Amino acid sequence: MPRGGASKATRIPEGSNQQKLQQEKEEAQAKQAEIEKAILDNVLKQLREKVKELDQDSWMYEAPRHSHR
């Protein structure tokens, strides 16, 4: 019997535990990527709205195209 008192027959294979941990890590990374994508999509939407708003208001900041003499 190996040291530690556990026989090989009752021991959980390390590979399956590592695979489970790896899968959980990948799922967490995928979830984090989804969250970041949602944030970036929202920021992009806000920026596009602001650009549209500024384009509509830009005529107020242009120099006059004619002069009165």
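The values are calculated or read from the model by the stated rules, or taken from the named source; none is laboratory data. What you see is a predicted model; the values in this text were computed from it and never measured. Quick reminder, even Gly has a Cβ in these numbers, built from the backbone with ideal geometry, and neighbours come from all protein chains shown.
What to note about this one:
- Near pairs, Cβ below 8 angstrom, 6+ apart or cross-chain, from the range 34-61 (surrounded by 10 or more Cβ atoms within 10 Å (Cβ to Cβ)) to any residue that is assigned to a helix (DSSP H, G or I): none
- Applying the condition of being of a type in the set (Val, Ile, Thr) and at pLDDT 95 or above to the range 37-53 and asking which residue is farthest from the chain's Cα centre (by Cα) yields Val43.
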